[in-house]
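Working notes, structure below.
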Amino acid sequence: MEHSDNIINEIVSLKNKFNSDEQTAILKEVAQNVRKFEEFTNQKSEKLRNELRTLNRKLTTIQASTKKSIEQNETGFNDLMVKYEREKFELNETLTQLDAEEKYPLELEELESINIEDETLPKDDNTS
């Protein structure tokens, strides 16, 4: 029975040890710190959620305005492409004309250098 009394006394002393005012104060302090930490994390989470919503709204606005400007730019871009294709065609036509005009002076030079009499009259030594 003495052995069981010792066990009971140990249990009571352990119970008293954990139920002491010091332990209770520590547990209250820990619980209070846990509440403060939860409040802080909740506030931080709410702040981050609000920032995320704001950024999401800004992103949506930017995407919408970008889509509008792209659609507007597409028509402007297509008009520019048509204009540049037309200019390219006109430049090619002008180059073709310039090439043809460059050939005329060469042909004219050739004609000037040819002795017309030599080309048109037959060579006959007995015609005099």
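Taken together, the values in this text are just the output of simple stated rules run on the coordinates, not laboratory data. Since this is a predicted model, take the numbers as computed values, not measurements. Reconstructed Cβ throughout: ideal geometry from the backbone, glycine too, with neighbour counts over all protein chains shown.
Side notes on the structure shown:
- Placing a label point 7 Å from the Cα of I26 along the Cα-to-Cβ direction, the residues of segment 2-16 whose backbone N falls under 15 Å from that point are 14-16.
- Contour excess over end-to-end distance, with Cα ends at S65 and L91 and 0.36 nm allotted per residue: 5.6 nm
- Cα Rg, Dmax, segment 1-95, angstrom units: 38.4, 124
- The Cβ shell under 11 Å around L80 holds other residues with a net charge of -2, Lys and Arg each +1, Asp and Glu each -1.
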